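*Asks:* Let me give you the structure first, and then I'll get to my questions.
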Amino acid sequence: MTERQRHDAYWRLCLVFLLLSPLSVYGLLQGRVRYDFDTLHFLGFLFGGIALPLLLDVLLSVASGRKSALRFGTVRPSVTCEGREEGTVSWALQGLQQRLRKHKFMDETADGPDGAKVVTFRRLKDAEVHSFLNHAFEGKATLAPSGTGTHVSLDLTLKDTILIDSGENEHLRQFGDYLTGEAAQFTYSSVPFSVYHGVALGFVTAALSALHAVAPGVSGLWIGSAAYAGFITLFFVLIQMFRDREHLFGFRLVGAGLFLCLLPVFGLLARAAAG
């Protein structure tokens, strides 16, 4: 399941929960729920809730018949790419250097055997890592004469540990193809994992609220803690997304998730209006 497919699947789930949100508010009205804050419950949802989008991803992948794209604990992922440039080695070298420097890479060139050029390059990690090209990279490219053109072979490594990979390996391959000249340009976009985390907590908030109509024993402490954790997660990831709107998407998921996390507030307003 690709990043876009995952985003669309979550959006369809959001629409279902949004349509059922009146039932959630009704459930809160029926139970006269109190939303006491408890640090332990809040932290439990904030950190334990990370498992929710992972579980949802597996379920959505099984339901759609696709393989999950999520990987866990990938240490220094790397790719090897090959391409061919029409023209001399010097021409191909100039093009590679332009592409590297466009993305803030530093490079060094040395002579190789039989008229080849060897380029080593690296990019330092940005102060804040919000998207793919904020990471540190290193690599080496060999440009060798091949008939009337130039053969380009390239090794590219992302110098970081990706705890939850939701597309970085795919971006790494695409970036390698771009550097070898196989792709004319490199563009990427992704949904931050925290968006899925916060939206999943919104689902929990809505589900527990609706359940309260038929099972009044559902504690307002659980409902409130899930709502607090989801709202805070989505609020801070929204700030991050505004800082890098070019490479991050999923704003409508954030909006839907915030609405679901605010259902307890709507319940309080409805209770006040009802007297």
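The values are calculated or read from the model by the stated rules, or taken from the named source; none is laboratory data. The model shown is predicted, which means the values in this text are computed figures rather than measured ones. Positions of Cβ are generated from backbone atoms using ideal geometry, with glycine treated the same way; all protein chains shown enter the neighbour counts.
*Asks:* Please indicate, with yes or no, whether at least one residue in the range 66-77 is farther than 25 Å from residue 209 by Cβ, aliphatic (A, V, I, L, M) and at pLDDT below 80.
*Replies:* So in the range 66-77, the residues farther than 25 Å from residue 209 by Cβ come out as 66-77.
With aliphatic (A, V, I, L, M) added as a condition, the list becomes 69-70, 75.
Restricting the remaining residues to those that are at pLDDT below 80 gives 69-70.
Checked against the condition, which is being farther than 25 Å from residue 209 by Cβ, aliphatic (A, V, I, L, M) and at pLDDT below 80, the range 66-77 yields at least one hit.
*Asks:* With a cut-off of at least 1 residues that are out of contact with any strand residue (DSSP E or B) (no Cβ under 8 Å at 6 or more places or on another chain), more than 20 Å from residue 77 (Cα to Cα) and of a type in the set (Val, Ile, Thr), name the helices (runs of 4 or more DSSP H) lying wholly within the range 160-275. Walk me through how you get there before you give the answer.
*Replies:* On the way: elements: 168-179, 193-211, 220-243, 251-261, 263-274.
Correct list: 193-211, 220-243, 251-261, 263-274.
*Asks:* Does any residue in the range 155-168 that is closer than 17 Å to residue 187 by Cα come within less than 8 Å, Cβ to Cβ, of a residue that is part of a strand (DSSP E or B) and at pLDDT below 90 six or more places away or on a different chain, and which pairs are these?
*Replies:* Going by the 8 Å Cβ cut-off, the qualifying pairs are 166/190; 167/190; 168/74; 168/162.
*Asks:* Just to be sure I understand, how many residues within the range 2-56 are crowded, with 18+ Cβ neighbours inside 10 Å, at pLDDT below 80 and farther than 19 Å from residue 214 by Cβ?
*Replies:* Of the residues in that region, 2 qualify.
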